[in-house]
Amino acid sequence: MKRFFCFLLVLLAGTGFGQNTGNLIPKPASFQVRPGQFVLRPNTILRVPSGSEEVIALAGTLADRLRAAGGPALKVQNRNQTLTPAHTITFVLVSDPALGAEGYRLDVQPDSITIEAARPAGFFYALQTLYQLMPPEIFGNQPSAVSSWAVPACRIEDRPRFAYRGLHLDVSRHFFSVSFVKKYLDLMAFHKLNTFHWHLTDDQGWRIEIKRYPKLTEIGSRRKETIIGHYYESDPQQFDGRPYGGFYTQEEIREVVRYARERYITVVPEIEMPGHAVAALAAYPELGCSGGPYEVATKWGIFSDVFCPYEKTFTFLQEVLTEVMDLFPGPYIHIGGDECPKASWKASPYCQALMRRLKLKNEQQLQSYFIGRIDRWVQSKGRKIIGWDEILEGGLSAGATVMSWRGTKGGITAARQGHDAIMTPGEFVYFDYYQSDPTQEPLAFGGFTPIGKTYSFEPVPEDLPAAVARRIIGAQANVWTEYIPTPEKVEYMVWPRAAALAEVVWTPREGKSWEDFSRRMRPHFRRLEAMGVRFSRAFFDVVAESTAATDGTVRVRLTAKDPETEIRYTLDGSEPTALSLLYAGLIHQNRTGPLKAVAVRNGTVVGEVQSWWFAGSKGTGKPVRLTTPAIKPAGVDPGLLTDGRYGYTTGYLADMRGIAQVRTADLEATIDLARVDTVRSVRIGLVRATAGNVRLPRQVEVAVSGDGRIFRTLKTVSMNPEERGRKEIVRPTLNFEPTPARFVRVTARNAGAGGWVAADEIEVN
Ligand code: TNX
């Protein structure tokens, strides 16, 4: 019977049915379930090959982790010391090319665990897998209440899909302490990410001590204040008046590099050039074309003051990079190269003369010359450069690796030219973008990259020839911190999206499945909790989709990613609880008001409360025509003006949703009610975002018609287009005598001066 049962299990495992994959993230290349489990106990022995200090140290980390989490104390023993004792965890160094530099085999049986790897990194990753097979408390640092440290019996054979598995952190826009960076590295290592891209310099702060150039940190690491809120949030922009600064000493940098190496993570430092250099110029103004003075930037964006390609600039950069190379032993130095406006070079007689002398046709080629010189010099020191995809402009220098951020196109072009490429496209892996409904989330850069979007990322396009595909050495997510001022918020933005990234870069393409990943995420959250990560719960958030029915109601469908949760909601503005109305099918909303919803599992609220405004009115779902079509977003359907859902203005102007923008002309919308009805009021949502030249109209008018040709104006109100202040949607209501009408026309008169009029919902009642 028992044997039959085992047979059945193997059979089930073989078919993939009911397979217990151990809920591992990233999912290993192959996993087989076995019957039984290995229970760690105080006499469990760690057997290590003699002579390999590194493997002995790794075995020690397993013992340390168990001890920290309150597990049994294991003993490390040299493999040659005793005859095979019972109950062992054995590390075996094998020479097996199939395992590569980072692969491993993990064989868990009821009385033994065997780990095979060809290189120490393989053992390291085997241990990360082993931890995930244990109770989640293994990730904690306090003695836990776990009574049985069991590992399910299984056999795993695993190696990464990509050699470069990166996560980036911008410490210029906001600075993060060494201890936080270490926690960041711990989390990376737990997820088998192996490259930390440390963005150390930018316009808003220089964060690495350079002994030869002390002013870089004395002056360049400090800004006098910081913009408040989003770039376009207030007009005029508001600043906090508080000096901000911070940098790492060389000693601290070495400590981080050492800490990373112990976790098999390579640190790639980034020193930005020729653009994003204002902080450096503030310290050494003679390196800029105008000679300054310059001030460390206090707001975000792209700045036209950049390094001038003087000889003294190259000397400076080489001396800086010499110290950088001394601190960072890895193969790569990232030299930036992105977003370098050419205005200051165009205006500089020195640059123009240099271009003539070098026979360069334009400033793009001057950028290419700049990067090429640095590239050759870096290569002469035995290292390689990485640059953002702009380094392709004007010709790519020979040894460069391209980091493709404006989509994957740059990476593909580079790979076709025989360069290595790393994919970091904004749409999929920019963790400064929103991950949930932007109206509900804390302030972010803009965009929209929910975890499922990150998971769906495929770094190697299908149709690439194998030789080109091989040049795509991996992928990375970027964490730009303009809108991420605190460690808590970094963790919120990065986790759990980086878990999806981990699977993108580690798991074989054919092993990926979003459904399966979602299922594994639930236990994974318990690990993140044990690690004290302040992750986002957006994964559990309720999502609302709506359609406007022509009977004046909005039909709202609520869904949650976790199928084991139920959805509870309110329509009266109160906070939903586990006892609120149970969602059981489409909600019909026939008035204007809030809908709030939350996911609940086993009587406990699991996500964040989400809230939306729906606006059912006589105009809802009715055809609407714009006399002058909206040009932003391009090709936008004017139906969004009567879709029964309020729009939002979070992020940059391009991130506005549910909003139609008309430039220079009036915004004139005609709604066909489909039959004559009595109307008594019209409300329209109008955007005021003067920092982006979106202004309130000077006047709003309502006119009605029975035939759609002859209109009678019922009401006119004036507004103040000069009104500035915080970006917001203003919703004036125009009331009038009850009037029969079939067509309702709303006109928002453009204030002129090349400005925009932007509107969202028109409610007719
Ligand atoms: C573009 S990505 C930048 C950064 C910003 C980021 C914000 C890249 C190479 N440059 O300077 O922080 O957008 O998402």
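The values are calculated or read from the model by the stated rules, or taken from the named source; none is laboratory data. Here the structure is a predicted model, which means the values were calculated and not measured. Here the Cβ positions follow ideal geometry from the backbone for every residue, glycine too, while neighbour counts run over all protein chains shown.
In the set (1) within 16 Å of the ligand (Cβ to nearest atom); (2) closer than 21 Å to Phe180 by Cβ; (3) surrounded by fewer than 22 Cβ atoms within 10 Å (Cβ to Cβ), the condition left unmet by Asp202 is number (3). Residue count for region 407-432 satisfying the condition of being assigned to a helix (DSSP H, G or I) and more than 14 Å from the chain's Cα centre (by Cα): 8. Answer yes or no as to whether Arg67 is farther than 20 Å from Glu102 by Cβ, at pLDDT 90 or above, among the basic types (Lys, Arg) and part of a helix (DSSP H, G or I). Criteria met by Arg67.
For region 367-377, the criterion of a residue being farther than 19 Å from Ile271 by Cβ and either more than 16 Å from the ligand (Cβ to nearest atom) or in contact with a strand residue (DSSP E or B) (Cβ under 9 Å, 6 or more places away or on another chain) (or both) is satisfied by no position. For region 110-127, the set of residues classified as more than 22 Å from Arg41 (Cβ to Cβ) and either surrounded by fewer than 22 Cβ atoms within 10 Å (Cβ to Cβ) or not aromatic (Phe, Trp, Tyr) (or both) consists of Glu116, Ala117, Ala118, Arg119, Pro120, Ala121, Gly122, listed by residue number.
Scanning region 282-303 for residues that are surrounded by 16 or more Cβ atoms within 10 Å (Cβ to Cβ) and within 16 Å of the ligand (Cβ to nearest atom) turns up Val296, Ala297, Thr298, Lys299, Trp300, Phe303.
I'd like to know if region 534-548 contains one or more residues that are out of contact with any strand residue (DSSP E or B) (no Cβ under 6 Å at 6 or more places or on another chain), surrounded by fewer than 17 Cβ atoms within 10 Å (Cβ to Cβ) and within 28 Å of Ser144 (Cα to Cα). Looking through region 534-548, at least one residue is out of contact with any strand residue (DSSP E or B) (no Cβ under 6 Å at 6 or more places or on another chain), surrounded by fewer than 17 Cβ atoms within 10 Å (Cβ to Cβ) and within 28 Å of Ser144 (Cα to Cα). Restricting attention to region 467-510 and to residues that are of a type in the set (Asp, Glu) and assigned to a helix (DSSP H, G or I), the residue that is farthest from the chain's Cα centre (by Cα) turns out to be Glu510.
Looking only at region 326-348, which residues are surrounded by fewer than 23 Cβ atoms within 10 Å (Cβ to Cβ) and touching a Gly at 6+ places or on another chain (Cβ under 6 Å)? Glu339, the sole residue that qualifies. The set of residues from region 162-174 being within 15 Å of the ligand (Cβ to nearest atom) and either assigned to a loop (DSSP other than H, G, I, E, B) or in contact with a Lys or Arg (Cβ under 6 Å, 6 or more places away or on another chain) (or both) comprises Val171, Ser172, Arg173, His174. Would a scan of region 611-626 turn up a residue that is farther than 30 Å from Arg675 by Cβ and outside any strand (DSSP E or B)? No: region 611-626 contains no residue that is farther than 30 Å from Arg675 by Cβ and outside any strand (DSSP E or B). Residues that are surrounded by fewer than 19 Cβ atoms within 10 Å (Cβ to Cβ) and within 23 Å of Val494 (Cβ to Cβ) were ranked within region 393-411; the one that is farthest from the ligand (Cβ to nearest atom) is Gly407. In the condition set (1) surrounded by fewer than 21 Cβ atoms within 10 Å (Cβ to Cβ); (2) within 16 Å of the ligand (Cβ to nearest atom), Ala414 is compliant with all but (1).
When every residue of region 708-717 is checked against the conditions, none turns out to be within 39 Å of the chain's Cα centre (by Cα) and not in a strand (DSSP E or B). All conditions in (1) surrounded by fewer than 17 Cβ atoms within 10 Å (Cβ to Cβ); (2) at pLDDT below 90; (3) of a type outside the set (D, E, K, R) hold for Thr21, with the sole exception of (1).
Out of Glu225, Glu251, Glu272, report the one residue that is without any contact (Cβ under 8 Å) to a residue 12 or more places away in the chain and either within 23 Å of Ser177 (Cβ to Cβ) or surrounded by 21 or more Cβ atoms within 10 Å (Cβ to Cβ) (or both).
Every option except Glu251 fails the conditions.
So His197 passes all but one of these: (1) touching a Ser or Thr at 6+ places or on another chain (Cβ under 7 Å); (2) within 16 Å of the ligand (Cβ to nearest atom). Which condition number does it fail? His197 satisfies every listed condition except (1). Out of curiosity, is Gly619 closer than 19 Å to Thr747 by Cβ and not assigned by TED's automatic domain parsing to the domain that holds Ala748? Yes; evaluated as a whole, the condition is true for this residue. Applying the criterion of being assigned to a strand (DSSP E or B) and small (Gly, Ala, Ser) to the residues of region 583-604, the residue that is nearest to Thr733 (Cα to Cα) is Gly593.
Annotation: of all residues in region 452-487 being of a type in the set (Gly, Ala, Ser) and away from the ligand (no atom under 16 Å from the Cβ), the one that is surrounded by the most Cβ atoms within 10 Å (Cβ to Cβ) is Gly474. Taken together, the residues in region 493-519 that are of a type outside the set (S, T, N, Q) and crowded, with 21+ Cβ neighbours inside 10 Å amount to 14. Selection within region 143-171: residues that are over 17 Å from the mean Cα position of the chain (by Cα) and farther than 30 Å from Ser30 by Cα. The member of this set that is surrounded by the fewest Cβ atoms within 10 Å (Cβ to Cβ) is Ala145.
Results for (1) closer than 25 Å to Pro329 by Cα; (2) more than 24 Å from the chain's Cα centre (by Cα); (3) in the same structural domain as Leu321 (by TED's automatic domain parsing), shown as yes or no for each residue.
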site: Cys351; (1), (2), (3): no, yes, yes
site: Met355; (1), (2), (3): no, yes, yes
site: Tyr369; (1), (2), (3): no, yes, yes
site: Gly372; (1), (2), (3): yes, yes, yes
site: Ile391; (1), (2), (3): yes, no, yes
site: Val402; (1), (2), (3): yes, no, yes
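One line per residue, one yes/no per condition, for (1) of a type in the set (Lys, Arg); (2) touching an Asp or Glu at 6+ places or on another chain (Cβ under 8 Å); (3) outside the structural domain of Phe448 (by TED's automatic domain parsing); (4) buried (at least 19 other Cβ atoms within 10 Å of the Cβ):
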{"residue": "Pro633", "(1), (2), (3), (4)": "no, no, yes, no"}
{"residue": "Gly639", "(1), (2), (3), (4)": "no, no, yes, no"}
{"residue": "Asp643", "(1), (2), (3), (4)": "no, yes, yes, yes"}
{"residue": "Leu714", "(1), (2), (3), (4)": "no, yes, yes, yes"}
{"residue": "Lys727", "(1), (2), (3), (4)": "yes, yes, yes, yes"}
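Out of Glu390, Glu427, one residue alone is at negative phi, surrounded by fewer than 20 Cβ atoms within 10 Å (Cβ to Cβ) and within 16 Å of the ligand (Cβ to nearest atom). It is Glu427.
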